[in-house]
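S.K.: Below: one structure in structure tokens.
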Amino acid sequence: MRSDIEGALGRKIEPTYIPNATTPPEGRLSRKHGAIRLLFFSNLIPTKGALDMVNLAAELSATMDKPFEVKIVGTGDPDYIRSVSDQIFTHGLSDIVTLHGHADESSKWTYMRDATALVFPSSYPLEAQPLTIIEAMSVGLPALAYDVGGVSDCVADGVTGRLAPAGDVSALANHVRELAHNPDELDRLRAGCFATHSERFSTDQFGRNWLEALGRIDPALSAL
């Protein structure tokens with residue numbers, strides 16, 4: 001994103017970078033291997049990629065030999081939601097893909113703890129640091145995401161999830177199949193999520209980052 005800002009300003013900059021932070025819920029859920037459970041958790045608008053999620057399910061239903069399910073959670077444009085629902089029906093995916101509407105704070109964590117992977121197929125070029133990805137990371141949920149905007153600031157490819165070129169549903173499908181057939185890799189990504197969230201995206205680290213940034217302005221501020 002630094003290059004984007006420099007391009008807009010027309011000059012080089014030395015930015016201070018402070019990642020977003022989240023606080024995970026109490027306790028960790030010990031996940032068991034089994035059916036692959038994919039979660040889409042975002043606004044239902046075209047740039048966030050719910051239709052890509054349906055297309056991903058369609059490709060997996062034709063190519064993957066392991067059971068899977070897809071939950072699409074979120075609200076948005078009614079016309080777009082109808083188009084997503086229509087595509088689910090057209091592809092014959094009603095038993096695999098379900099629409100769940102709005103999720104409150106408590107149910108959000110339940111969805112995330114029950115999932116195998118978060119799929120974040122946003123094509124929005126100005127994605128910053130999606131809190132959904134960071135929240136998922138905090139409970140050990142890897143993200144499979146398009147590499148747009150600042151998403152790669154959150155999703156370290158091969159560490160906390162996997163990245164794919166924007167719009168490349170087949171690349172996402174490949175990542176899903178790899179995880180479905182390699183539980184050890186899935187466990188490694190889960191461990192990477194917990195470790196990375198603690199090191200970079202915890203509220204404690206957020207506070208330390210701010211003190212360091214303030215100290216660059218006035219050393220006395222770093223002692224607050």
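S.K.: For the range 140-158, which positions are among the polar types (S, T, N, Q) and surrounded by 18 or more Cβ atoms within 10 Å (Cβ to Cβ)? Let's see the steps before the verdict.
M.R.: Applying the first criterion (among the polar types (S, T, N, Q)) to the range 140-158 yields 152.
Once the filter is applied, which keeps residues that are among the polar types (S, T, N, Q) and surrounded by 18 or more Cβ atoms within 10 Å (Cβ to Cβ), the range 140-158 yields nothing.
S.K.: Taking LYS71 as meeting all but one of (1) within 23 Å of GLU105 (Cβ to Cβ); (2) open to solvent by 40 Å² or more (accessible area, probe 1.4 Å); (3) part of a helix (DSSP H, G or I), write down the number of the exception.
M.R.: So LYS71 meets the others, but not (3).
S.K.: All but one of (1) among the hydrophobic types (A, V, I, L, M, F, W, C); (2) within 24 Å of LEU186 (Cβ to Cβ); (3) part of a helix (DSSP H, G or I); (4) out of contact with any His (no Cβ under 9 Å at 6 or more places or on another chain) hold for VAL54; which doesn't?
M.R.: Condition not satisfied by VAL54: (4).
S.K.: If a residue must be under 16 Å from THR22 (Cβ atoms), surrounded by fewer than 24 Cβ atoms within 10 Å (Cβ to Cβ) and small (Gly, Ala, Ser), how many such residues does the range 102-139 contain?
M.R.: Final tally of qualifying residues: 4.
The values are calculated or read from the model by the stated rules, or taken from the named source; none is laboratory data. Predicted model only: the values in this text are computed from it and were never measured. Glycine also receives a Cβ, built like all others from the backbone with ideal geometry; neighbour counts cover every protein chain displayed. For the accessible areas, the whole protein counts, side chains as well, though only heavy atoms, and no ligand, DNA or RNA atoms are used. Shrake-Rupley method; radii C 1.70, N 1.55, O 1.52, S 1.80 Å.
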